[in-house]
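The values are calculated or read from the model by the stated rules, or taken from the named source; none is laboratory data. Source: prediction; values computed, not measured. Don't worry about glycine lacking a Cβ; one is built from the backbone with ideal geometry, like all the others, and counts go over all protein chains shown. Just so you know, the surface numbers come from the protein's heavy atoms only, side chains and all, with ligands and any DNA or RNA stripped out. Shrake-Rupley method; radii C 1.70, N 1.55, O 1.52, S 1.80 Å.
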Amino acid sequence: MTTPLAPYLPMAVVLLLAGVMGMIIPQVTTRLGPKRPSSTKSAPFEAGSESSGPARQRFAVKFYVIALLFIVFDVEAVFLYPWAVNFQALGWFGYVEMLVFASTLVVGLIYVWKKGALDWES
């Protein structure tokens, strides 16, 4: 007698094993790894140069706006892929629906562009 969840058993075993390994490996390396701390190893380091200035640096809001816009248009690409795979099966209805979806995103992009959100220097 098999249950409907039986095909998912191998995936559950792999996820459980990955979780256990994710907890065990850091513990083993912490306990068995070499411990030779020094001031050079403890110093902050980035790109081959000494750090300067505070670590808590403020970023302009435009940075976050650009990041959010990137995510929005990246999600568009995620929705375009399954549509492109089933393009023939969807027919004209699917084509018109994707035109509506893409046109709303284009209108949004034009709005953001006209508002100056994409002008990094201003």
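Charging the Cβ of each Asp and Glu at -1 and of each Lys and Arg at +1, and nothing else, the dipole of the stretch 14-82 about its Cα centre rounds to 480 debye. For the stretch 70-122, the fraction of 1.4 Å probe accessible surface lying on carbon and sulfur atoms is 73 percent. Put a plus charge on the Cβ of each Lys and Arg, a minus charge on the Cβ of each Asp and Glu, and nothing anywhere else: the dipole of the chain about its Cα centre is then about 680 debye. Remark: the stretch 71-115 carries 83 Å² of accessible area per residue (probe radius 1.4 Å; ligands, DNA and RNA excluded). For volume of the Cα convex hull per residue in Å³, computed directly from the structure shown, the correct entry in (i) 131; (ii) 99; (iii) 246 is (iii). With both labels modelled 7 Å from their Cα along Cα-to-Cβ, the residue 16 to residue 52 distance reads 5.6 nm.
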